[in-house]
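The values are calculated or read from the model by the stated rules, or taken from the named source; none is laboratory data. This structure is a prediction, so every number in the text was calculated from the model and none was measured. Heads up, the Cβs are rebuilt from the backbone with ideal geometry, glycines too, and the neighbour counts pull from every protein chain shown. Accessible surface is based on the protein model in full, side chains and every heavy atom, while ligands, DNA and RNA are left aside. Shrake-Rupley method; radii C 1.70, N 1.55, O 1.52, S 1.80 Å.
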There are 2 protein chains.
Amino acid sequence: MAANSRVTIAAHALAWLELARQRGREVLTSDEVAASINTNAVIIRRSLGDLQRAGLVTARRGNGAGFSLGRPAAEITLLDIWLAVSPEPLLALHHSEPNLECPVGRGIRPVLTDLYDEATDTFRATLARWTVADVLERILA
Amino acid sequence: MAANSRVTIAAHALAWLELARQRGREVLTSDEVAASINTNAVIIRRSLGDLQRAGLVTARRGNGAGFSLGRPAAEITLLDIWLAVSPEPLLALHHSEPNLECPVGRGIRPVLTDLYDEATDTFRATLARWTVADVLERILA
DNA sequence: CCAAAAGCAACCATATTTGTTACGTCCGGC
DNA sequence: GCCGGACGTAACAAATATGGTTGCTTTTGG
């Protein structure tokens, strides 16, 4: 259980929702999504809950309820997913404050922050170039 | 203690080694490096041990020993550091195998692998544009 | 009203990271 | 050749995150 797989879970769920939609099933339950991903339904509800808060899916409760895409699959990028489910930085700064008596300890944090932000931005830009529709298309190809 | 700060620790240590070198101290002990980073000397020896295995620093043992840069600071990039300190994937695939009965479960892994690799490559490319000398220069500016 | 399904809280097991202690190993200097 | 300083490393603890599981509450269509 090292690196987190939340983007994977969420992308899988969205691709599956879209495929089901194309097949005429507008709504899937968390159990049905969980069956494809081979995990627990609670995990799916947690993940899709994040996506719902970001507007990427809609959830209906009550009898006959379930999840649907919140907007067309071609308008949901992997960046949208990443932002919805994984708010952690890719690289962390010091855990405890460095020694401010030392010139390096005093000045390094803003420099690394800038640098990490720059790298993270390029990472995000790549994710932004892919949509759920693209992913599903490549899966079915 | 969530996200790991190993790149930060290693970059800090290298910048500090370079500054010491410019000031005439070719060798620093793990205790001296730890003092700037405000952590334990064992953490430094572990981190610099990784860097040594990658050739980024040299370690001398015995009396009066310590660590020095393995090559000029202008020739050590942040990517070198990232690769040296055991880079985990930025995004993980499924934790347990998805349901292969489902078209999405069957096909999604290579697609996401490709996509994650592409994003990771751009992340790495940004790290590769920065050297320890650049970082130190910006710290002192 | 009822039943189905999301929402949610409380756990548990596992893994990782950082930190700490302790000890082995190496090696320059006396 | 010994000695002491410093790296190398193993073992362990505390804190945190993740994934998983169970059980209960809430919502809502029929």
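Of note:
- Cβ separations smaller than 6 Å between residues 6+ apart or across chains give the following pairs from segment A:73-92 residues that are over 24 Å from B:Ser86 (Cβ atoms) to residues that are of a type in the set (Lys, Arg): A:Leu79/A:Arg124; A:Val85/A:Arg6.
- Subset of segment A:109-121 [free of Cβ contacts under 8 Å to residues at least 12 places away in the same chain and crowded, with 17+ Cβ neighbours inside 10 Å]: A:Val111, A:Leu115
- Screening B:Thr58, B:Thr29, B:Thr39 for residues that are within 14 Å of DNA strand C (Cβ to nearest atom), within 22 Å of A:Pro103 (Cα to Cα) and either more than 14 Å from chain A (Cβ to nearest Cβ) or surrounded by fewer than 16 Cβ atoms within 10 Å (Cβ to Cβ) (or both) leaves exactly one candidate, B:Thr29.
- Some residue of segment B:71-80 being open to solvent by less than 70 Å² (accessible area, probe 1.4 Å), touching a His at 6+ places or on another chain (Cβ under 6 Å) and closer than 28 Å to A:Ala11 by Cβ: no
- For A:Ala34, the criteria (1) out of contact with any Gly (no Cβ under 9 Å at 6 or more places or on another chain); (2) open to solvent by 10 Å² or more (accessible area, probe 1.4 Å); (3) without any contact (Cβ under 8 Å) to a residue 12 or more places away in the chain; (4) over 30 Å from B:His12 (Cα atoms) hold in every case but one, which is (2).
Listed here are the residues, each with its yes/no results for (1) within 11 Å of chain A (Cβ to nearest Cβ); (2) within 18 Å of A:Gly105 (Cα to Cα).
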residue	(1), (2)
B:Arg21	no, yes
B:Pro72	no, no
B:Glu97	yes, no
B:Gly107	yes, no
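- Selection status of A:His12, open to solvent by 80 Å² or more (accessible area, probe 1.4 Å) and either part of a helix (DSSP H, G or I) or within 8 Å of chain B (Cβ to nearest Cβ) (or both): no
- Taking residues in segment A:47-63 that are within 17 Å of A:Leu79 (Cα to Cα), and partners anywhere that are within 8 Å of DNA strand D (Cβ to nearest atom) and not in a loop (DSSP other than H, G, I, E, B), the pairs with Cβ atoms closer than 6 Å and at least 6 places apart or on different chains are A:Ser47/A:Ile9.
- Per-region count, segment A:81-95, residues facing chain B (nearest Cβ under 7 Å), under 23 Å from B:Arg124 (Cβ atoms) and open to solvent by 40 Å² or more (accessible area, probe 1.4 Å): 3
- The criterion of being outside any loop (DSSP other than H, G, I, E, B), charged (D, E, K, R) and modelled with pLDDT of 95 or more holds for A:Arg109.
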